[in-house]
Amino acid sequence: MSADPVLMDEPEMLLAHIRAAREGDSRAFEEIMLATERRVASIAWHILGDAEEVKEALQETFLRVFRHLGRYDEQRDFFGWMYRITVNVCRDLQGRRRRWRFFAPIEEASAVAAPLSADSDVLRKDDVAQLMRAIDALPPKERLAIILRDIEEIPTEAVAEILGSSAATVRVQISNARAKIRKWIEGQR
Amino acid sequence: MTLRDEFRGPVPLDDRDFAEVRGSVLAKIERRPLFPTVFRFAAAAAVAAVLVFVLIPGRTPIPSRPPALATKPAAVAPVLPPAPAMPAEAVASKQPMNSKSEPKPLAVAENGAPPSDMDMTIQIQTADPNVRIIWIANR
C-alpha cells in the first residue's frame, strides 16, 4: 500500500506523528492527513464516484481515524488500518445514498448509478464507460474487492485485511468479479 | 495511463478541496478535547471535595435524626400493675374462652390506677434514659 512518500518511506517518522497525534497534537495529525489524503480520496472516489461524497468521506475518515487512534496497534500497517476505515465510511455513505435514491426521481437516480468523468473524452470512452458500469453493477463485496485490488493496486492480503475477510475469500471475489465484468462487457458488444 | 486513472478518471478534488477538508477536520479536532477537559476538571474537584469531607478530623458530625430513634429500643416492657385491684375472676372473665394465646399482661396507667376498658398503655424505654416512648392504644 502506498501513501505520499514523505511519511511512507520513514516509518519511524510516521510512528512519531501517530504518537503525537494520539496525545492531541493536531499539527502531527495534519501531517498524517497530508500524507494520506490523496490515496484516501482515490479509494473513496472509485467506490463512490461522486466528488461531494468523496469530500464527505475524506473528512469523516480522518475524524474517525483521529477518534480511534488510541486503538491503533502499532505492529500493524497504519495505511491498511486507515483504508479499512475509509472503506467503512464509503459503505456507510453508500447505504445512506441507497436510502435517498429510493425517494429520488428516476432521472436523478440513473445519473447517480452511471457517473461519467468530465475527462472521459481523452480516454477510450466506450471501454472505460463499460468497465465503470460493469464494476458498478457488481455485488458490493466483489465490487470493493476489485476496486481495491485491480484499480487501487493494493495487494490481495492487504485487501483482505481492509475488508475484514481472508485472502482466499478475496481471491474468489476478485476472480468472480473479473469473470462477471468480462461477461458483461462481451454482452454489450 | 493505469486502470486507476482510467476508472472514473482522476480524483476530482484539487488542492483547495483538500485544504478545506483538512481545515474542517482540524477545527473539529481542536474543538473536541474541550469537553473531556471540563469533565476531568469537574471530576477532580468532586473527588477533592469528598476527600476533604471524609479525611479532615475534628469535625462534629451533623446529626441527621435523634440518636434515641436511631438505635434499637433497649427494652420493651409493658408496665405491669404493682397490685392488681381487680379480682382474679374478673380478669379471667375478660379473656376469650377459646383463646390459644397466652393471657396478655394487664397494663395499667403509670399512677397505678386500674386501667379503663377502653385503652392500654405501653411504655418503651429506649437506650437513652431520658427518652421513653409511651404508646396508648384502644383495646
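Results, tabulated for the structure shown:
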item: Cut-off under 5 Å, modelled amide H: who pairs with B:M120 long-range; result: B:A137, B:N138, B:R139
item: Distance violations [Cα-Cα > 20 Å] among A:K55/A:K141; A:K141/A:K183; A:K55/B:K28; result: A:K55/A:K141
item: Neighbour net charge for A:R27 - beta-carbon separation under 14 angstrom, K R +1, D E -1; result: -2
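Just so you know, all these numbers are worked out from the coordinates, no wet-lab data involved. Note that the structure is a prediction, hence the values are computed from the model and not measured. With ideal geometry, Cβ positions are generated from the backbone for all residues, glycine too; neighbour counts draw on all protein chains shown.
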